[in-house]
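Engineer: Got a structure for you, written out below as structure tokens; questions coming shortly.
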């Protein structure tokens, strides 16, 4: 999986990350491997957000308010803005991961809080519809509704950063792609933590034996979900797999993946395609981490470091937008 694109590898691993890796590998992955993919099984997973919301205290360092963008509910996290920061007047639109079947703003609150604290920008964390209520096409529809509504309400629509992890990373990249196809204002940058860039996880071009080393995502379980992802008559707007889209559609992109996880091959493919097209892309690959580890912000040092890297990238992207506008 070597190529010409510039990629940063991170070898340092904290003790807590190693412990977490083995706990997930030994306990969580076997459970997910046998978890039923019917409505009952998905419904049980869907209760996770409710449980997390009830048992986790809300951070006091920021203000969290209910939000609605284009009919899509969510929450807005507001932190004190730094003085004279390039991200002044910027807005972050975030989509949580969870395989399009579970999780929500509550499960990803610590990540979004840290994004808000690092950037000083308000972070909108959206509770888009998921399976079984809608297939992925419906999730994409909600993501675009949220983005187009934010274009009308953001302080500066040229300073919107769209982000997400895993399935939410898929939505973030799709928002950038579809915005360009529709002729809308494109995001200033996209942040993807372990983003799902292809729905064809069993593609013959991928090393399936390598992908089976993912610490907790069993590829067989995800393949069982694929018919649910693509159910119904509505097609996904644009490319079904964002990794196959025209690189010229995308703004600057920040990507990350763990050494052994299902999403890494497509993250590397996307990095190569963007680099070959002369686009701005910054990719970080991390050893001994689990899929979408920034969700564990404030508990995992590597999560805090990666979030910091992504907000610094966003600052540079916004400065580039300003420089281009001045020219």
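Engineer: State, to one decimal in nm, how far the label point of residue 12 lies from the label point of residue 259, with both points 7 Å from Cα in the Cβ direction.
Structural biologist: 1.6
Engineer: Taking 22 Å as R0, compute the FRET efficiency from the Cβ-Cβ separation of residue 230 and residue 129 and round it to 0.05. The partial results should precede the final answer.
Structural biologist: Numbers: r = 15 Å, r/R0 = 0.69.
Once the sixth-power term is evaluated, E becomes 0.90.
Engineer: Would you mind ranking 144, 270 so that the residue whose beta carbon has the fewest other beta carbons within 10 Å leads the list? Each step should come with its number before you reach the end.
Structural biologist: Values: 144 20, 270 28.
With the sparsest Cβ surroundings first, the list reads 144, 270.
Engineer: Given the range 49-104, what whole percent of its Cα pairs are spread farther than 18 Å?
Structural biologist: Distances greater than 18 Å cover 50 percent of the Cα pairs.
Engineer: Shape verdict for the range 182-327, please, from the Cα gyration tensor: rounded (a/c under 1.5), prolate (a/b greater than b/c) or oblate.
Structural biologist: It is oblate, given that a/c is not under 1.5 and a/b is not larger than b/c.
Engineer: Need one word for the range 1-81: rounded, prolate or oblate. Basis is the Cα gyration tensor (sqrt eigenvalues a ≥ b ≥ c); a/c below 1.5 gives rounded, then a/b vs b/c decides. Walk me through the intermediate numbers first.
Structural biologist: Values: a/c = 1.68, a/b = 1.17, b/c = 1.44.
It is oblate, given that a/c is not under 1.5 and a/b is not larger than b/c.
Engineer: Per DSSP H run of at least 4 residues, take -39500 (n - 2.57); add these up for the chain, divide by its residues and hand me the 222 nm value, nearest 500 deg cm²/dmol. It would help to have the intermediate numbers written out before the result.
Structural biologist: On the way: 10 runs with 131 residues, N = 327.
Helix contribution divided over all residues of the chain: -12500 deg cm²/dmol.
Engineer: Same structure again: Only bridges whose two residues both fall in the range 7-326 count here: according to DSSP, what percent of them are antiparallel, nearest 5? Don't skip to the answer; put the middle values down first.
Structural biologist: Details: 11 of 39 bridges.
So the antiparallel bridges amount to about 30 percent of the total.
Engineer: Turning to a different aspect of this structure: Looking at the chain as a GNM with Cα springs under 10 Å, which of 299, 215, 314 has the largest mean-square fluctuation?
Structural biologist: It is 299.
Engineer: Would you mind ranking 318, 51 so that the residue whose beta carbon has the fewest other beta carbons within 10 Å leads the list? Write down the numbers at each step before the final one.
Structural biologist: Numbers: 318 26, 51 11.
Exposure proxy ranking, most exposed first: 51, 318.
Engineer: Please check: in the Gaussian network model of the chain (C-alpha springs, under 10 Å), which one of 23, 307, 77 has the largest mean-square fluctuation.
Structural biologist: Highest fluctuation among the options: 23.
Engineer: Tell me, in nm to one decimal, what length is gained between residue 66 and residue 54 on full extension, where the rule is 0.36 nm per residue of separation less the Cα-Cα distance?
Structural biologist: 2.7 nm
Engineer: Ratio of the range 87-199's C-alpha Rg to 2.2 N^0.38 Å, to two decimals?
Structural biologist: Here the answer is 0.97, to two decimals.
Engineer: Something else about it: Using a Gaussian network model of the chain with C-alpha springs under 10 Å, which one of 113, 123, 65 is most mobile by mean-square fluctuation?
Structural biologist: Maximum fluctuation in the GNM of the chain, among the listed residues, is at 65.
Engineer: Note down the Stokes-Einstein diffusion coefficient of the range 123-266 in µm²/s, whole number, using a Kirkwood radius over alpha carbon pairs, 4 °C, and 1.567 mPa s.
Structural biologist: 82
Engineer: Just to confirm my numbers, what's the Cα centroid distance between the range 52-126 and the range 237-268 in Å?
Structural biologist: If you average the Cα positions of each part, the centres end up 23 Å apart.
Engineer: Separation between the residue 223 and residue 31 pseudo-spin-labels, each 7 Å from Cα along Cα→Cβ, expressed in nm?
Structural biologist: For residue 223 paired with residue 31, the spin-label model returns 2.5 nm.
Engineer: For a bin width of 20 Å, list the pair-distance distribution of the chain built from all Cα-Cα distances, rounded to whole %.
Structural biologist: Per 20 Å bin, starting at zero, the Cα-Cα P(r) for the chain comes out as 34, 61, 4 percent.
Coordinate-derived values only; no laboratory data. If you're wondering where the values come from, they're calculated on a predicted model, not measured in any experiment. Heads up, the Cβs are rebuilt from the backbone with ideal geometry, glycines too, and the neighbour counts pull from every protein chain shown.
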